Amino acid sequence: MPSSSSHTPPDLMWQVRAFIYRTFAETTQPPKIEATARHFHLSHKEVEAVYGELDQRHAFFLEPGTLDIRIANPFSAVPTDLLVEANGNRYWANCGWDALGIPAALRADAHISAACAFSGEPISLRVRNGQLLPTSAVVHFVVPFARWYEDMIFT
């Protein structure tokens, strides 16, 4: 479990965060704690502390009870109903907002596949040159942004 009393140097903490996001963008998955430890020449315990701090700061969200990164917005490490195809890769998004955030983060054109939560009808969106192409689709957020961290998996 992550430590809540760590005092990680800020430069290291943000370098680890950047490494995690870069790995997610390049591979569609976050690095395991062992890969992060190897990359930064840190012990498992040191990376555990960094992951704990980053989780507390909402820089990403750990799978409850583990050190596995589940969410690093806009990326999801687990399959969801929102598939984003960009740069020849398939990414999972956490919500409609994140589905649009992936092409923005990657600065890439993308195809987004989803389903209407109400009707189940398929939704297909395209992003080209940083712009969402015209669509009649609407994104609805059930939980207000200020309450997202109360239950990240549901949100």
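Below, the figures for the structure above:
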read-out: Members of the range 32-60 that are in contact with a Phe, Trp or Tyr (Cβ under 7 Å, 6 or more places away or on another chain) and either under 15 Å from N73 (Cα atoms) or among the basic types (K, R) (or both); value: L54, D55, H58
read-out: Cβ pairs under 8 Å, 6+ apart, first in the range 101-127 and free of Cβ contacts under 8 Å to residues at least 24 places away in the same chain and closer than 18 Å to G88 by Cβ, second of a type in the set (D, E) and surrounded by 14 or more Cβ atoms within 10 Å (Cβ to Cβ); value: R126/D109
read-out: Among (1) of a type in the set (G, A, S); (2) assigned to a strand (DSSP E or B); (3) touching a Gly at 6+ places or on another chain (Cβ under 9 Å), the one test that S113 misses; value: (3)
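Condition check ((1) at pLDDT below 95; (2) over 27 Å from V16 (Cα atoms); (3) outside the structural domain of A18 (by TED's automatic domain parsing)) across all residues:
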position	(1), (2), (3)
E34	no, no, no
H39	no, no, no
F60	yes, no, no
E85	no, no, yes
G88	no, no, yes
A115	yes, yes, yes
S124	no, yes, yes
L132	yes, yes, yes
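To keep it simple, each residue is scored yes or no on (1) buried (at least 18 other Cβ atoms within 10 Å of the Cβ); (2) in contact (Cβ under 8 Å) with a residue 40 or more places away in the chain.
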{"site": "L54", "(1), (2)": "yes, yes"}
{"site": "G65", "(1), (2)": "no, yes"}
{"site": "D68", "(1), (2)": "no, no"}
{"site": "N73", "(1), (2)": "yes, no"}
{"site": "V78", "(1), (2)": "no, no"}
{"site": "D81", "(1), (2)": "no, no"}
{"site": "V84", "(1), (2)": "yes, no"}
{"site": "G88", "(1), (2)": "no, no"}
{"site": "A93", "(1), (2)": "yes, no"}
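The values are calculated or read from the model by the stated rules, or taken from the named source; none is laboratory data. Computed from a predicted model, the values in this text were never measured in an experiment. Counting neighbours? That spans all protein chains shown, and the Cβs are built from the backbone with ideal geometry, glycine included.
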